[in-house]
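Let me begin by presenting the structure, written as structure tokens, before commenting on it.
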Amino acid sequence: AAINLASSLADLRKEREEQARLAVESMLVAAPDLVNVLAIDDDMAGPVLTVKQQVLEALERHISSDTSNDDFGGLVMARSHTDSARHFAKEHDMYGPIQKLITFIADQVVLEASRVNGCKSVRRLLRFNEKADRKPVGSDDDKRPDVTLTLSLPPDSTLHDSDAKTIYSSDDDKKDAHPDYGDMLCVIEAKPDKSKQKDAFAQAYMYTRNIYACQHNRQFVWALTVCDSIWRICLFTHDNMFVSDELDLTRRDGQSALVDFVVRASFCDIYHLGYDPTIRYNSDIRKWQIDVFDNDIAEPKTLVIDSVLHNATRTTGRHTRCYIGIDPDSNERLLVKDAWAEETKKPEIIEGGGHRSTEAMAMDFERDEISLLKEVHEVLNNKGVLKGHYPELKYGGVVRQSPTSCHSSAMDTTYTAFAKIGEALHSDDIPYRIHKRLASAPIAESLRNLRSVDEYIVVMADVMMALWYIDDNCGILHRDISSNNIMFTRGDNGTVRGFLNDFDCAIKPSTDRKVRTTMTGTLPFMSISNLEAQDVPQTILNDLESCIYHMCWFGVEG
């Protein structure tokens, strides 16, 4: 039995690795200017460039010294065109040299920054976890990243308190601890053979999923691959894997590119490393805080995160996260939903190379959960019906970011975050996403907490009534009936009330009721016409049909 179990697990592991390889092949986008995403403040551009040049010169001096080959284990060893022998026999032989190389560059950045006139001290230090090839804390599988990079505060960390509150929730020294996905900047995946580049990409893809799952303030994730002496810088976004050109560490241009990455990562705003500054740790109250935005208020509302209900669990997609937030003014508990919504319309490019504001574009979007919820509440509240059967929006809007490399706050979109990637970002194959966040009440419970079949019947009757009222009075179709979106609340007397949640796929069709025929919803609850993408208008009957399938599912699965 033990042998069969081990064999089954090995087969499952191979299947997942093959799926990761296929996923990477479909996501891969060449981005020669990828490192420019790590944007530097305008007033620091000159000094930082000087630091980079001096660090590169220090690296060259070290490489030419007698000990360089021992220090870096052949990562930077030049060889003739006829020498095809690998520098490393095994992956494990690469870990030490990689760690030493990154540490040398990072330490030189700190040293040279202190010598350059007009250069501010580094914002952070890049450090590695000394225990390479170990299963990290927070992992839900048995995979072990080769080398992991974390961030440490410089000695004058009070100068960069905003970074500290965004990245670090603990002052514990984790130098001798196992790697932890919860504080990991990125993974470095090593292969001794250049032909294993695709395998390195696939493994970095799998590790990145755990980083998203363990860091609820992470928006995108960097990674590095090392195949023999060839390095690649990778950036995982919601839909793509952007990859730099090959960085050959036996050549000066390859060494320069790696130094550029480490220097920029040490000085850039935390936003460009993939962290969300609007979700930060407050050391005074020992709680995380989150800013929620609304077009009707000038300043964001800051809520205290009481708990994380749902975290991003995939490398790609909307990265939907849900929190319970507490309003410090009223002590009201709110459900906070954070997601990167894909929009069918990309920004309209205007003269001068810019594009229209997201506020102006929002009026054009057919699907916008925030505006639809506002309309539902306004219409039904005036009629005095369905109170407590749908989310009552308290705050909702597009997240604004204010990285120091920008001169003003900006809407958080894929164009804002990755603008420096270049023309590749504007390809029709790359989706355009907008970062939206909303806070609503009441906080409903999962169907798993129901106490009887009778309660389930009451909940389904309420939900079907809500679907009908919302379509009849607002002309809005929900289009995503599922076990996650059908919920309930329980009153003080113990009675349950059905609750229709998540209007993310909701749409307000035009007057002729024609809707796109692309499939929308959750298997196995999609209506037949939706599942088959039939060329017929979607109506309230599609949502009600999905409710019938949910009752069939619930009756069988429980």
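The values are calculated or read from the model by the stated rules, or taken from the named source; none is laboratory data. From a predicted model like this one, the values you see are computed outputs, not experimental measurements. Positions of Cβ are backbone-derived with ideal geometry, glycine not excepted, and every protein chain shown enters the neighbour counts. Side chains are part of the model used for accessible areas, which takes the heavy atoms of the whole protein and leaves out ligands, DNA and RNA. Shrake-Rupley method; radii C 1.70, N 1.55, O 1.52, S 1.80 Å.
Just grab the label-to-label distance for SER452 and GLU557, each label 7 Å out from Cα along the Cβ direction, in nm (one decimal).
It works out to 2.5 nm between the two label points.
With a 1.4 Å probe and every protein chain kept in, tell me what percent of the accessible surface of segment 444-558 is carbon plus sulfur. Before the final figure, lay out the partial values.
Working: 3220 of 5870 Å².
Carbon with sulfur: 55 percent of the solvent-accessible area.
Under 5 Å between amide H atoms, partner at least 5 residues away or on a different chain: which partners does ILE476 have, H built in plane at 1.01 Å?
Long-range HN contacts for ILE476: ASP471.
Multiply the residue gap between THR495 and THR313 by 0.36 nm, knock off their C-alpha separation, and tell me the result in nm, one decimal place. Write down the numbers at each step before the final one.
Numbers: separation 182, 0.36 × 182 = 65.52 nm, distance 3.34 nm.
Gain on stretching THR495 to THR313: 62.2 nm.
For labels at ASP133 and ALA30 in the simple 7 Å Cα→Cβ model, what's the distance in nm?
Computed distance between label sites ASP133 and ALA30 equals 3.4 nm.
So if we plug the beta-carbon distance of SER427 and ILE528 into 1/(1 + (r/R0)^6) with R0 = 45 Å, what FRET efficiency do we get, rounded to 0.05?
Working: r = 35 Å, r/R0 = 0.78.
That gives a FRET efficiency of 0.80.
Residue separation times 0.36 nm, minus the C-alpha to C-alpha distance between LYS383 and GLN19: what's the value?
Numbers: separation 364, 0.36 × 364 = 131.04 nm, distance 5.08 nm.
Contour length minus Cα-Cα distance gives 126.0 nm.
For segment 229-322, what size does the Cα cloud have along each of its three principal axes, sorted from largest down, in whole Å?
For segment 229-322, the Cα spread along each principal axis is 52, 29, 28 Å.
Could you run the Debye sum over the Cα atoms of segment 452-515, one equal point scatterer each and no solvent, and tell me log10 of I(q)/I(0) at q = 0.16, 0.17, 0.24, 0.25 Å⁻¹, two decimals?
After summing over all Cα pairs, the log10 values are -0.57, -0.62, -1.01, -1.06.
Over 21 Å between Cα atoms, which of LYS100/LYS131; LYS14/LYS191; LYS14/LYS135; LYS52/LYS90; LYS131/LYS287 qualify?
Numbers: LYS100/LYS131 13 Å; LYS14/LYS191 18 Å; LYS14/LYS135 18 Å; LYS52/LYS90 32 Å; LYS131/LYS287 29 Å.
Listed pairs above 21 Å: LYS52/LYS90; LYS131/LYS287.
PRE reach from ILE443 (point 7 Å along Cα→Cβ): which of segment 301-332 fall under 13 Å by backbone N?
So the set is 304-310, 322-328, 331-332.
Just to verify a number: FRET efficiency for LYS120 and ASP140, C-beta to C-beta distance, R0 = 30 Å, to 0.05? Kindly include the intermediate steps, with their values, before the conclusion.
Details: r = 40 Å, r/R0 = 1.32.
FRET efficiency, LYS120 to ASP140: 0.15.
Just check segment 182-271 against the gyration tensor rule for me: Cα atoms, a ≥ b ≥ c as the square roots of the eigenvalues, rounded for a/c under 1.5, and otherwise prolate or oblate depending on whether a/b exceeds b/c.
Numbers: a/c = 2.25, a/b = 1.30, b/c = 1.73.
Here segment 182-271 falls in the oblate category.
Provide the per residue accessible area, probe 1.4 Å, for segment 267-335, rounded to a whole number of square angstrom.
Details: 3060 Å² over 69 residues.
Accessible area per residue: 44 Å².
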